[in-house]
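Here is the structure we will look at, set down as structure tokens.
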Amino acid sequence: MLILGLLLLVVSGAAGVLLIAYNQGGAEQTVTMFGRDWTSATMVEAFVAGLVVAAVFLLGLWMIMSASRRARENRARYREVRREAREAARERDRLAKQLRTEEDRREPATETMVTPPNNGTPTAPAAGKNQTGAPPTPRHAAPAGQQPVITNIKPGDSPTK
């Protein structure tokens, strides 16, 4: 729309300048441009032609202004969306940090002492094993029968990096 508006502006401006430059005056005028007689026009016809050229000029000007207004609105919307995205990323990072600190504050589950029935003295479970004899499960292990979540985010990294 901008290019068409500029084209209309230039064409109507050039037509107006040429018509004024080649105006000879009198009751009836012969429109001569580029060494050629185009038509004969009365004063009323010349006035109407000037109005048409002015209307085309104003149409081109309106098209340029509306295109620039639309571009300005699009830039403003784009800036607003980028600002909201930055705020959302800050909020996400803040919540992730808060979640990490809460997980770090939580005490790991402690294993209980088992009392054998024969002598009554407490014994600690074997290192690296729990009461059932199986190796200990990680702190965030998936429940039995469920696949663990696999991510490529290392501890301490932000998901946006």
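For this structure, a couple of remarks:
- Candidates Leu61, Leu9, Leu18, Leu4, filtered to the one that is out of contact with any Pro (no Cβ under 6 Å at 6 or more places or on another chain), part of a helix (DSSP H, G or I) and modelled with pLDDT under 80: Leu18
- Of all residue pairs spaced 6 or more apart or on separate chains, those with beta-carbon atoms under 9 Å, a first member in the range 15-26 that is more than 14 Å from Thr39 (Cβ to Cβ) and a second member that is of a type in the set (Gly, Ala, Ser) and at pLDDT 75 or above are Gly16/Gly50; Gly16/Ala54; Ile20/Gly50.
The values are calculated or read from the model by the stated rules, or taken from the named source; none is laboratory data. Computed from a predicted model, the values in this text were never measured in an experiment. Note that each Cβ is placed from the backbone with ideal geometry, even for glycine, and that neighbours are counted across all protein chains shown.
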